[in-house]
Amino acid sequence: MRYQISGKQIDIGDALQTRVKDELGAVMEKYSQRPTDAQIVFSRDAHLHVCEATVHLSSGLTAQARGQANEIYAAFDACCEKMDKQLRRYKRRLKDHHRDRATPVEFAGASSYILDPGTGAGSEEEPDSLQPIIIAEMEMRIPSLSAGEAVMQMELAHANVLVFRNERHGGLNVVYRRDDGNIGWIDPQ
């Protein structure tokens, strides 16, 4: 597994890097036999240390966890514990989906835009056109998954919405978390 361990305005020593590789590697070995890479970022938020971990699994799924504490090692321990709990919760589902999948998850490229709504505070003027102003443009990957895998990926990533290509018919689908706590699925015909 490839590790990318970095700090935002924090010096990450060799001892912390070794601990991250050992403990996160043990968690991944326990639940997921084939992770591809992990990105761990340490930062500060006022007086707290924050650790954010993102692990990409060979099945195409991504697990994310975040921990914070007064000490940097305690922040990593909290993050690692959340990752452990998350993967333990989905262990059976991860194995079942991985067993059914003969090929790795395929990804399609897409563009993602952040738009200015044009209705900021103090903006009493009417916009000149209905075209929104693009603030940022990013590349994103759209996975080719089953509906069950998409729901699991959305929950693992702690996201509110996930766009995916349905493996069954190849069309674009959306799963999202509803206000009542249930999961919604949009499957256009």
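Points worth noting:
- Scanning the stretch 167-189 for residues that are over 21 Å from TYR90 (Cα atoms) and of a type in the set (S, T, N, Q) returns ASN173, GLN189.
- Residue within the stretch 113-124 that is at pLDDT 75 or above, farther than 19 Å from ASP22 by Cβ and either surrounded by 15 or more Cβ atoms within 10 Å (Cβ to Cβ) or under 20 Å from the mean Cα position of the chain (by Cα) (or both) present: yes
- Summed over the stretch 55-85, the residues that are free of Cβ contacts under 8 Å to residues at least 40 places away in the same chain and in contact with a Ser or Thr (Cβ under 6 Å, 6 or more places away or on another chain) give a count of 2.
- If the condition is being of a type in the set (Phe, Trp, Tyr) and closer than 15 Å to CYS79 by Cβ, then the stretch 2-56 contributes TYR3, PHE42.
- Pick from the stretch 91-112, criterion touching a helix residue (DSSP H, G or I) at 6+ places or on another chain (Cβ under 6 Å) and modelled with pLDDT of 65 or more, ranking: surrounded by the fewest Cβ atoms within 10 Å (Cβ to Cβ): LYS91
- If the condition is being surrounded by fewer than 22 Cβ atoms within 10 Å (Cβ to Cβ), over 14 Å from the mean Cα position of the chain (by Cα) and modelled with pLDDT of 90 or more, then the stretch 46-75 contributes HIS47, LEU48, HIS49, VAL50, GLY67, GLN68, ALA69, ASN70, GLU71, ILE72, TYR73, ALA74.
- Residue check for VAL50: in contact (Cβ under 8 Å) with a residue 24 or more places away in the chain, of a type in the set (A, V, I, L, M, F, W, C) and more than 15 Å from ALA38 (Cα to Cα): yes
- Of LEU145, LEU172, all but one fail to be surrounded by 16 or more Cβ atoms within 10 Å (Cβ to Cβ) and either hydroxyl-bearing (Ser, Thr, Tyr) or in contact with a strand residue (DSSP E or B) (Cβ under 7 Å, 6 or more places away or on another chain) (or both); the exception is LEU145.
- Residue list for the stretch 1-22, filter: over 20 Å from the mean Cα position of the chain (by Cα) and in contact (Cβ under 8 Å) with a residue 24 or more places away in the chain: GLN9, ILE10, ILE12, LEU16, ARG19
The values are calculated or read from the model by the stated rules, or taken from the named source; none is laboratory data. These numbers come from a predicted model, not from an experiment. Please note: Cβ atoms are built from the backbone with ideal geometry, for glycine as well, and neighbour counts cover all protein chains shown.
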